[in-house]
Each structure stands twice: as C-alpha cells, then as structure tokens.
Amino acid sequence: MTAGDYNPWQSVTSFTGIKETPGPATTEFPAFKPSPVEGYTPVVTVNGGAVKLVNGEVPAQSALNGKDLTKDINVNISYKLTNPDATITHTVNYVDADNTKVGS
C-alpha cells in the first residue's frame, strides 16, 4: 500500500451555524472502505480506540466534540495476515542480459 492508495476523508456537511442549531448535530466524516489487500485483514483504530468494520467499512465518524468542531480525527489502518499459519513463497529468477533465466 502506498500513500497514493489513500484518499483523505472529507466532511460532507457545512459547519456554518453548528453552535446555534438545536438538536443532534449531523456533521460527520463519511464511512470509508479500506483498500483490500489479498491475504490480509484491515485493523482500524480511531483516535487510538479499536473500531469494528461494518460491511467492510470504517463507520462514519462524528466531527463534533459536544457542540464544538473536532480539530482532528486520527484514523490508523494497518493490516494483519488473515491466516498466520500460511506459508508465503517467493521465487527469485536470475536472468542474463538477454533476459534468459540462468538460475533461481
């Protein structure tokens, strides 16, 4: 996974007038689906706390702390091997200048 594989979350609502609006706030970061990596399972934390994926997605996260806007939400996505007993074999082929295999 490279830095280009990640798209930052964006708020889909306006922050204007949040403090004056009575009732529950609806400002949130939308749900996000981590990129699949074959043989691995995503492990997600939000602000250091474990988060369970729902239908393969990180659930939407509130952008509010009480009535105030949250400055930062830190989402960490790491991957663990789905089957830790699996054997992964890599074969390295050595080739000459003509791209002819000369060894493995």
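Less than 5 angstrom separates the built amide H of residue 64 from those of 70, all sequence-distant by 5 or more or on a different chain.
Rounded to the nearest 0.05, the FRET efficiency derived from the C-beta distance between residue 85 and residue 46 at R0 = 30 Å is 0.50.
Across the range 73-88, coupling constants 3J(HN,Hα) worked out from phi with the 6.51/-1.76/1.60 Karplus curve, θ = phi - 60°, read 10, 9, 10, 10, 10, 10, 10, 10, 5, 4, 10, x, 8, 5, 10, 10 Hz, and Gly and Pro carry x.
Each reported figure results from applying straightforward, stated rules to the coordinates on display, with no laboratory input. In this text the structure is predicted, and so the values were computed from the model without any measurement. Note that we place each Cβ from the backbone using ideal geometry, even for glycine, and neighbour counts take in every protein chain shown.
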